[in-house]
Structures are given as C-alpha cells and as structure tokens.
Amino acid sequence: MILAVIGGKGGVGKSTVALSVAAELDAVCVDGDLGMADLPERRGPDLHDVLAGRAAAVEAVDESGPVALLSCGRTLAGARATEPSALRDALASVADEYGRVVVDCPAGLGRDSGAALAAADACLVVTTRDRAAMVDALRTRELARTLDAGLVAVVVNFAAEPGNERRRFGSPAVALPESRTVEAATRNGLPIGAVAPDGRAATRVREVAALVQRSASST
C-alpha cells in the first residue's frame, strides 16, 4: 500500500501528519518534496540519489529512527539531477520490501505532487480552516480524484473538532487539535505518538491510521 499525504498549501502540518501516521502504520515514510524537503535528514543515500540513479530505493531507507525513513536531499543541484518520473518505481520497490509506504507530498498541484499521487493507492488530505488552505486542499483533492488515488480522510489541523469537512470533501474528517505535543513533534521531527502516546493528538492520529487500515483491507 502506498499512501500519499497531500495538501494544497504549505504550513498546514502535512509533514508531521505524514510522519505520525507512518509510525502508527509501521510504514516507511518517504519525503517526496524534491525541492523543499521537510522531514528529518538521515545519513546515507536519499531520494535525490535514488531518482538520479545513484542508489536503489530500498538501500536508501534508514531504519535507525522511530520511523523508517527515506529522506530527501536539500540542495538545488540534487533536485535538478532527479527524474521525477522514476518516483513511481522507487515507491513500488519500497512497498514491495516493506509493505506500507507513506509519502509526504509537496504542497500544491505541481509535477512532483502529481508523480506521487499517480503512484499512490490512496491519499490523506491535510488542511487547516484558513480559507486559502481549504480552497487549495479541495483543488488537491480533485487532482487525487483524477489520478485515481482514493481519499481516505481529511485531517483538519489546529482544530478541536471536525466541522463540515466531511460534507465538503466527501470523506471522513478527523480534527487534530493544536497543542504543545504537536508543536514539540514538529520542532523535533518526531511522530506525535513518540512525544505523548497517551495524549489527545496521538489518539486522533491513531484514528486516522485506523481509517487507512480499514480502507486498505477493503480494496
């Protein structure tokens, strides 16, 4: 299973959600943002190396942290040397080896986001209630629909409870409350469950992971 975590606007907490859901699913988290990587760096080859043909995807997975991670380089030269069309095969090889892959996609509707969504079996949309973020998230959801990446749920960040997002997106909605736990997870590049496993935010992340598992088992 390959799950794409998408959001039209940057700064909505997408990377923290991707890392946290990957931890709950015991999945490999792939930093798919070739130009503005946000997940923690790890030693060894990264996604830039994989998409430039310098390393095998499975070889680039680092299992030393709380989440198995295929990180992405942070140099402009590295990004320019990549071939985004190779992403589908790279993700497939990781999924063949590990079973589950969660891809932290770049914000927006560009080529990189499309490449990850085209490879994905399903997706999560992450947004806030900011008007611009919501509009962009709905556009991203339409791109996912076009590429046949079924929407599992919408995660509404910095919200105490879901509102009308279920109706607007046509999927389950889970609210992820703003908290010191989420702030600490984001600041330290850790999954939410590793910071406060019994907290409210971690409970919501487990709810999202359960929706993903249910979706995977029904296909």
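Close amide-amide hydrogen proximity is noted between N157 and T127, T128, L176, each under 5 Å apart and 5 or more residues distant or on a separate chain (H modeled in the peptide plane; Pro and chain starts excluded).
Of the listed peptides 80-90, 149-159, what is their order by residue-averaged count of other C-beta atoms within 10 Å, with the highest listed first?
Details: 80-90: 16.0, 149-159: 22.9.
Descending packing order for the listed peptides: 149-159, 80-90.
As a ratio to 2.2 N^0.38 Å, the alpha-carbon radius of gyration computed for the stretch 142-219 takes the value 1.19. Taking the Cα centre of the stretch 26-88 as origin and assigning +1 to Lys and Arg Cβ atoms and -1 to Asp and Glu Cβ atoms, the resulting dipole is close to 240 debye. Note on T128, T146, T16, T181: ascending count of other Cβ atoms within 10 Å places them as T146, T181, T128, T16, the fewest first. Between A132 and S64, the contour length at 0.36 nm per residue exceeds the alpha carbon distance by 20.7 nm. Once backbone amide H atoms are built at 1.01 Å from N, V30 has L70, V102, V103, D104 as its partners under 5 Å, excluding neighbours fewer than 5 places away on the same chain.
Treating each Cα of the stretch 14-127 as an identical point scatterer and ignoring solvent, apply the Debye formula and state log10 I(q)/I(0) at q = 0.12, 0.14, 0.15, 0.17 Å⁻¹. Here log10 of I(q) over I(0) equals -0.34, -0.46, -0.54, -0.71.
Please report, in debye to the nearest 20, how large the charge dipole of the stretch 2-217 is about its Cα centre when each Lys and Arg carries +1 at its beta carbon and each Asp and Glu carries -1 there.
Working: 24 positive and 28 negative charges, 165 e Å.
The calculation lands at about 800 debye.
Of T186, T127, the sequence from fewest to most neighbouring Cβ atoms within 10 angstrom is T186, T127. With the convex hull drawn around the C-alpha atoms of the stretch 83-158, the volume per residue stands at 86 Å³.
What's the extension gain from S179 to A210 if we count 0.36 nm per residue and subtract their Cα-Cα distance? Display every interim value, and only then the final one.
Working: separation 31, 0.36 × 31 = 11.16 nm, distance 2.18 nm.
Working it through step by step, the gained length comes to 9.0 nm.
Summarising the strand pairing of the stretch 2-217, around 5 percent of its internal DSSP beta bridges are antiparallel.
Annotation for the stretch 27-55 versus the stretch 76-122: alpha-carbon center distance of 10 Å. Would you be so kind as to identify which of P172, S64, A144 lies farthest towards the positive end of the dipole of the chain, taking Lys and Arg as +1 and Asp and Glu as -1 on Cβ and the Cα centre as origin? Value computed over the given set: P172.
Bear in mind these aren't lab numbers, they're just calculated from the coordinates by the rules spelled out. Small disclaimer: the values here were computed from a predicted structure and weren't measured. Methodologically, a virtual Cβ is constructed for each residue, glycine included, from the backbone with ideal geometry; neighbour enumeration extends over all protein chains shown.
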